[in-house]
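Participant: Below is the structure I would like to discuss, written out as structure tokens.
Just so it is clear, none of the values below were taken in a lab; they were calculated from the coordinates. Everything quoted here is computed from the prediction, not taken from an experiment. So basically every Cβ, Gly included, is an ideal-geometry build from the backbone, and we count neighbours across all protein chains shown.
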Amino acid sequence: MERRELFSSLTSSFTKQSDSKEESKRKVLRPPYFKEESDFLKNCINCDGKCSNFCEEHIIKIAQDKTPYLDFSNSGCTYCDECAKACDEYDVLNIENKKLINAVISINIVKCLSWNQTMCFSCKDPCLDDAIEFLGMFRPEIISDKCTSCGFCIKSCPTNAIEINF
């Protein structure tokens with residue numbers, strides 16, 4: 001067995017847990033430029049999803065109810081303001097309402113390779129804000145004062161140990 005196969009088999013055991021249950025419990029992450037959550041349901045139903053077309057990182061997706069949500073599975077938010085600029089007609093997303101994404105990013109130490117004595121820095125490298133620090137070689141932690149909940153660390157974790165909490 002090659003090393004790559006070994007790591008793949010180890011990580012698959014972490015990720016095979018009930019994904020469908022987690023999906024149903026998941027709340028919706030909104031782009032960081034809104035004032036009221038209710039504005040999405042009132043105004044986005046009349047829009048053609050311009051905010052998702054202008055997102056440089058392609059993380060804004062449009063749900064079946066025509067409201068935008070963030071999907072960090074391929075990238076993270078750079079807070080570039082382009083989605084808010086595109087939402088000029090319906091004014092749901094507005095640069096004046098810019099704030100951090102309403103989520104707390106955490107590390108599940110049971111799933112984390114580093115916390116389980118395997119050297120891994122996958123989450124630290126893509127962090128734009130240097131919000132992930134290691135205590136020694138094996139204990140990453142997210143510094144809440146530095147974390148902007150941008151999501152760049154999520155896609156890079158091989159065991160899905162980076163979690164979004166509301």
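Participant: Can you give me the P(r) profile for the range 30-97? Cα pairs, bins 10 angstrom wide beginning at 0, each as a whole percent.
Facilitator: In whole percents, the pair-distance histogram is 24, 61, 15.
Participant: With label points built 7 Å along Cα→Cβ from the Cα atoms of LYS85 and ASP130, find their separation and express it in nm.
Facilitator: Calculated label separation equals 2.9 nm.
Participant: For the ranges 125-133, 51-59, what's the packing order if you count other beta-carbon atoms within 10 Å of each residue, average per peptide, and put the highest first?
Facilitator: Numbers: 125-133: 15.7, 51-59: 17.7.
Ranking the peptides 125-133, 51-59 by packing returns 51-59, 125-133.
Participant: For the cross-link pairs LYS42/LYS146; LYS27/LYS146; LYS27/LYS50, which exceed 28 Å when the distance is taken from alpha carbon to alpha carbon?
Facilitator: LYS42/LYS146
Participant: Run the numbers for GLU141 and PHE166: contour at 0.36 nm per residue of separation, minus the present Cα-Cα distance, in nm.
Facilitator: Working: separation 25, 0.36 × 25 = 9.00 nm, distance 1.80 nm.
Contour length minus the Cα-Cα distance gives 7.2 nm.
Participant: On to the next question. Test of the criteria: in the range 59-98, which trypsin sites (Lys or Arg not before Pro) are in a DSSP loop and have at most 14 other Cβ atoms within 10 angstrom of their Cβ?
Facilitator: Working: sites: LYS61, LYS66, LYS85, LYS98; in loops: LYS66, LYS98.
For trypsin sites (Lys or Arg not before Pro) across the range 59-98 that sit outside H, G, I, E and B with at most 14 neighbouring Cβ atoms in 10 Å, the list reads LYS98.
Participant: In sequence order, what are the phi-derived ³J(HN,Hα) couplings for the range 95-107 according to the Karplus relation 6.51 cos²θ - 1.76 cosθ + 1.60 with θ = phi - 60°, rounded to whole Hz, with x for glycine and proline?
Facilitator: Whole-Hz 3J(HN,Hα) from phi for the range 95-107: 4, 5, 9, 4, 8, 6, 4, 7, 7, 10, 8, 9, 10.
Participant: Based on the Cβ-Cβ distance from ASN97 to LYS42, what FRET efficiency comes out when R0 is 22 Å, to the nearest 0.05? Mind dumping the intermediate values first?
Facilitator: Numbers: r = 15 Å, r/R0 = 0.69.
That pair, ASN97 with LYS42, gives E of 0.90.
Participant: Now for a separate question. Mind running the shape call on the range 37-155? Use the C-alpha gyration tensor, a ≥ b ≥ c as the square roots of the eigenvalues: rounded below 1.5 for a/c, prolate if a/b tops b/c, oblate otherwise.
Facilitator: Values: a/c = 2.85, a/b = 2.47, b/c = 1.15.
Note, shape of the range 37-155 comes out prolate.
Participant: Ok, one more. Taking H placed 1.01 Å from N in the peptide plane, check which residues at least 5 places from ILE132 or on another chain put their amide H under 5 Å from its amide H.
Facilitator: Distant-sequence amide H within range of ILE132: ILE143.
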